[in-house]
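Quick notes on the structure that follows.
Derivation of every value follows stated rules applied to the coordinates shown; laboratory data play no part. A quick note: this is a predicted structure, and the numbers were derived from the prediction, not measured. Don't worry about glycine lacking a Cβ; one is built from the backbone with ideal geometry, like all the others, and counts go over all protein chains shown.
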Amino acid sequence: MSKRHPKKHTVGATRVETAHVILPGHTNPMGTLFGGVLVQWIDGVAAIAATRHARGVVVTASMDRLHFLRPVHAEDFVIIRAEVTYSARTSMEVEVWVEAENRWTGERAATTHALLTFVALDEQGKPRPVPRLATETAFERERFAQAARRHRARLRERQALARQWQA
Ligand SMILES: CC(C)(COP(=O)(O)OP(=O)(O)OC[C@H]1O[C@@H](n2cnc3c(N)ncnc32)[C@H](O)[C@@H]1OP(=O)(O)O)[C@@H](O)C(=O)NCCC(=O)NCCS
């Protein structure tokens, strides 16, 4: 199997890397990247990874662990990498890493890390089953197991939130 066509349903088959240029409309009053713009880019790139696994429509169900570790300067390139870490019945977890690349030196610095959950939908807009993610390395298997625990925790969180709002 060539590198261009990784095996179906593997983590590698979902991997995405994009590069973004910061334009004047993307900055905050400090002249650095506005967090909301970065969140939109993260969501879009993560959705590509999830779609590669589901090969159908996906929607964002949740975003967690979104940390902005350092500001991104206007002249930096923004590099976003994403891959699916876990599949449950109809949902998938996607891990995202963001780096700021100094366009003059090529130096990269870690900026943001995020975990997002996407749900695959059928033509009626109802959750539909996704293939099980195939893990190929010990790291991927361990991360899959950790993500399974996060999946259960999110479900509990969501149920607690629903109860709060009904009360
Ligand atoms: C996400 C959504 C489709 C779930 O639909 P639902 O009818 O509540 O579905 P279910 O309760 O059967 O859950 C379906 C799956 O979603 C997961 N899920 C639902 N809400 C979730 C949340 N807040 N965080 C993480 N996972 C969630 C469930 O764990 C379940 O996963 P599994 O089948 O892999 O175990 C629905 O809540 C929705 O449409 N939300 C809005 C999505 C949206 O508009 N996103 C922004 C634009 S893309």
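By the beta-carbon count within 10 Å of each Cβ, the least crowded to most crowded order of His113, His53, fewest first, is His113, His53. For region 7-20, putting each phi into the Karplus relation 6.51 cos²θ - 1.76 cosθ + 1.60 with θ = phi - 60° gives couplings of 4, 4, 6, 8, 4, x, 6, 9, 5, 10, 9, 10, 10, 10 Hz, in residue order, rounded to whole numbers and with x for Gly and Pro.
Mind checking the angle between helix 138-166 and the chain's longest principal axis? C-alpha axes, 0 to 90 degrees, to the nearest 10. Roughly 80 degrees between the two axes.
As a proxy for reagent exposure, Phe144, Phe34 were ordered by neighbouring Cβ count within 10 angstrom, fewest first; the result is Phe34, Phe144.
Computed from point charges on the beta carbon alone (+1 for Lys and Arg, -1 for Asp and Glu), the dipole magnitude for region 15-167 about its Cα centre is near 820 Debye.
Using Cβ counts within 10 Å as a stand-in for footprinting exposure, how do Glu95, Glu142 rank, fewest first? Don't jump to the answer; show the numbers that get you there.
Working: Glu95 20, Glu142 11.
Fewest-to-most Cβ neighbours within 10 Å comes out as Glu142, Glu95.
Where both partners of a DSSP beta bridge lie in the chain, what percent of those bridges are antiparallel, to the nearest 5? DSSP beta bridges in the chain are roughly 95 percent antiparallel. Scanning residues 5 or more positions from Ala134 or on other chains, those with amide H under 5 Å from its amide H are Thr10, Val11, with H placed 1.01 Å from N in the peptide plane. Take the Cβ atoms of Phe77 and Arg132, set R0 to 25 Å, and the FRET efficiency comes out at 0.10. Length available on full extension from Glu142 to Thr27: 0.36 nm per residue minus the Cα-Cα distance, which gives 37.6 nm. Checking a compactness column here: for the chain, what do you get for Rg(Cα) / (2.2 N^0.38 Å), N being the number of residues? So the chain has a normalised radius of gyration of 1.12.
Between His67 and Thr18, the modelled labels are 2.4 nm apart [label points 7 Å from Cα along Cα→Cβ]. Would you please state which residues of region 32-52 a label at Thr60 would reach in this model, taking the label point 7 Å out along Cα→Cβ and a backbone N cut-off of under 16 Å? Output list for this probe position: 34-51.
Angle, helix 35-54 long axis vs. longest principal axis of the chain, Cα atoms, 0 to 90°, nearest 10? Orientation of helix 35-54: about 40 degrees from the principal axis.
A helix-only calculation puts the chain at -10500 deg cm²/dmol for mean residue ellipticity at 222 nm, using -39500 (n - 2.57) for each DSSP H run of at least four residues, averaged over all residues.
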